[in-house]
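A.B. asks: Provided herewith is a single structure, encoded as structure tokens, for subsequent inquiry.
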Amino acid sequence: MLPNIVLIGFMGCGKSSVGRRLAGLTGHRFLDTDDLVTQAEGCSIPEIFALGGEEAFRAVESTVLDGLVGIAGVVLATGGGAILRESNREALHRIGVVAWLDADPDILFERATRSNRRPLLQTADPRKSFDELLADRRAIYEASADFRLDSTGIDHDAAAKRILEQAMKCRPAGN
Ligand code: S3P
């Protein structure tokens, strides 16, 4: 049995796109914590932030993650801030092999601001907010991951293949 694969990383790193491809490669089901939060609340992430702020969003995100512990046969893409709570980090490791999908900051910024669906970047100075959040989080991604993949210069298919190779080394089939 292939291990579950959990993708962490900053907004815009391609967790959902690479995750879908990984699901195709492995036969695993693709899940995305942002989608599960949206389904649980019956409204969009910007609406959750507007109604209850970041704390309300984080509370649902944690509940969703706790509910996934024990699941098998999944590739899980997580929201960029899912690694902020220690209890979430523990849940992520219990769910599967944790891969940090990284890329050059300019690429991340360009992708993360293509749409207006990311409340944390809807500020007077999105680049400043982006840089501050990334600076605060880099060490947490590093400490939270079993391995990192820098996807700068490679496409989503290649990133998915490399993550699968690394995940198999990390936790061979059957473990
Ligand atoms: C967030 C990232 C978003 C989403 C929410 C908060 C963050 O997900 O969970 O807007 O704190 O970095 P993506 O990483 O998929 O954009």
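The values are calculated or read from the model by the stated rules, or taken from the named source; none is laboratory data. In this text, all values refer to a predicted model and were calculated from it rather than measured experimentally. We place every Cβ from the backbone using ideal geometry, glycine too, and count neighbours over all the protein chains shown. Surface areas here come from the heavy atoms of the whole protein model, side chains and all, with no ligands, DNA or RNA. Shrake-Rupley method; radii C 1.70, N 1.55, O 1.52, S 1.80 Å.
A.B. asks: Are there any pairs, at least 6 apart or on different chains, whose C-beta atoms fall under 8 Å, with the first in the stretch 75-102 and of a type in the set (Ser, Thr, Tyr) and the second more than 10 Å from the ligand (Cβ to nearest atom) and not in a strand (DSSP E or B), and if so, which?
C.D. replies: Every condition considered, the pairs that remain are 78/65; 78/92; 87/62; 87/66.
A.B. asks: Tell me which of these residue 84 doesn't satisfy, since it passes every other one: (1) of a type in the set (A, V, I, L, M, F, W, C); (2) surrounded by fewer than 19 Cβ atoms within 10 Å (Cβ to Cβ); (3) more than 24 Å from residue 60 (Cβ to Cβ).
C.D. replies: In the conditions (1) of a type in the set (A, V, I, L, M, F, W, C); (2) surrounded by fewer than 19 Cβ atoms within 10 Å (Cβ to Cβ); (3) more than 24 Å from residue 60 (Cβ to Cβ), residue 84 misses (3) alone.
A.B. asks: Still on this model: With the condition kept exactly as written, say whether any residue in the stretch 126-134 is crowded, with 22+ Cβ neighbours inside 10 Å and either closer than 21 Å to residue 30 by Cα or of a type in the set (A, V, I, L, M) (or both). Before the answer, list the steps.
C.D. replies: Here is the first cut: in the stretch 126-134, the ones crowded, with 22+ Cβ neighbours inside 10 Å are 130.
Subset that is either closer than 21 Å to residue 30 by Cα or of a type in the set (A, V, I, L, M) (or both): none.
No: zero hits.
A.B. asks: Output the residue which, of all residues in the stretch 3-43 that are basic (Lys, Arg) and either open to solvent by 40 Å² or more (accessible area, probe 1.4 Å) or part of a strand (DSSP E or B) (or both), is farthest from the ligand (Cβ to nearest atom). Before the answer, list the steps.
C.D. replies: Just the residues of the stretch 3-43 that are basic (Lys, Arg), to begin with: 15, 20-21, 29.
Narrowing further to those that are either open to solvent by 40 Å² or more (accessible area, probe 1.4 Å) or part of a strand (DSSP E or B) (or both): 20-21, 29.
Numbers: 20: 13, 21: 16, 29: 18 Å.
So the residue we want is 29.
A.B. asks: Now for a different question. Picking from 160, 103, which residue would you name as being farther than 25 Å from residue 56 by Cα, within 16 Å of the ligand (Cβ to nearest atom) and buried (at least 19 other Cβ atoms within 10 Å of the Cβ)? Talk me through it step by step, then tell me what you get.
C.D. replies: Numbers: 160 fails: within 16 Å of the ligand (Cβ to nearest atom).
Just one listed residue meets the conditions, 103.
A.B. asks: What residue, of 73, 52, is in contact with a strand residue (DSSP E or B) (Cβ under 7 Å, 6 or more places away or on another chain) and over 20 Å from residue 12 (Cβ atoms)? Lay out the reasoning, then the answer.
C.D. replies: Working: 52 fails: in contact with a strand residue (DSSP E or B) (Cβ under 7 Å, 6 or more places away or on another chain).
Testing whether each residue is in contact with a strand residue (DSSP E or B) (Cβ under 7 Å, 6 or more places away or on another chain) and over 20 Å from residue 12 (Cβ atoms) leaves just 73.
A.B. asks: Let me ask you something else. Out of the residues in the stretch 135-157 that are among the β-branched types (Val, Ile, Thr) and either in contact (Cβ under 8 Å) with a residue 40 or more places away in the chain or not in a loop (DSSP other than H, G, I, E, B) (or both), state the one that is surrounded by the fewest Cβ atoms within 10 Å (Cβ to Cβ).
C.D. replies: 152
A.B. asks: Among the residues in the stretch 49-71, are any among the small types (Gly, Ala, Ser) and in a loop (DSSP other than H, G, I, E, B)? Even if it seems obvious, please write down each step before you answer.
C.D. replies: Taking the stretch 49-71 as the starting set, the residues that turn out to be among the small types (Gly, Ala, Ser) are 50, 52-53, 56, 59, 62, 67, 70.
Next cut, in a loop (DSSP other than H, G, I, E, B) only: 70.
Looking through the stretch 49-71, at least one residue is among the small types (Gly, Ala, Ser) and in a loop (DSSP other than H, G, I, E, B).
A.B. asks: With under 13 Å from the mean Cα position of the chain (by Cα) and acidic (Asp, Glu) as the only criterion, which of 54, 61, 86 stands out? Full working, then the answer.
C.D. replies: Details: 54 fails: under 13 Å from the mean Cα position of the chain (by Cα); 86 fails: under 13 Å from the mean Cα position of the chain (by Cα).
The conditions single out 61.
A.B. asks: Suppose the filter is open to solvent by less than 80 Å² (accessible area, probe 1.4 Å), closer than 28 Å to residue 24 by Cβ, modelled with pLDDT of 95 or more and assigned to a loop (DSSP other than H, G, I, E, B); does residue 174 pass it? Even if it seems obvious, please write down each step before you answer.
C.D. replies: Working: open to solvent by less than 80 Å² (accessible area, probe 1.4 Å): yes; closer than 28 Å to residue 24 by Cβ: yes; modelled with pLDDT of 95 or more: no; assigned to a loop (DSSP other than H, G, I, E, B): yes.
No; evaluated as a whole, the condition is false for this residue.
A.B. asks: Select from the stretch 45-56 the residues that are touching a residue at least 24 places away in the same chain (Cβ under 8 Å) and within 10 Å of the ligand (Cβ to nearest atom) and write down the one among them that is most open to solvent (accessible area, probe 1.4 Å).
C.D. replies: Once the filter is applied, the top-ranked residue is 54.
A.B. asks: Follow-up. Failed condition for residue 91, given (1) in a loop (DSSP other than H, G, I, E, B); (2) surrounded by 13 or more Cβ atoms within 10 Å (Cβ to Cβ), with all others met?
C.D. replies: In the conditions (1) in a loop (DSSP other than H, G, I, E, B); (2) surrounded by 13 or more Cβ atoms within 10 Å (Cβ to Cβ), residue 91 misses (1) alone.
A.B. asks: Here is a follow-up. Would you confirm, using the coordinates I've provided, whether residue 111 is within 17 Å of residue 8 (Cα to Cα), open to solvent by 10 Å² or more (accessible area, probe 1.4 Å) and either part of a strand (DSSP E or B) or in contact with a strand residue (DSSP E or B) (Cβ under 7 Å, 6 or more places away or on another chain) (or both)? First the steps, then the outcome.
C.D. replies: Working: within 17 Å of residue 8 (Cα to Cα): yes; open to solvent by 10 Å² or more (accessible area, probe 1.4 Å): yes; either part of a strand (DSSP E or B) or in contact with a strand residue (DSSP E or B) (Cβ under 7 Å, 6 or more places away or on another chain) (or both): no.
For residue 111, the condition - within 17 Å of residue 8 (Cα to Cα), open to solvent by 10 Å² or more (accessible area, probe 1.4 Å) and either part of a strand (DSSP E or B) or in contact with a strand residue (DSSP E or B) (Cβ under 7 Å, 6 or more places away or on another chain) (or both) - is not met.
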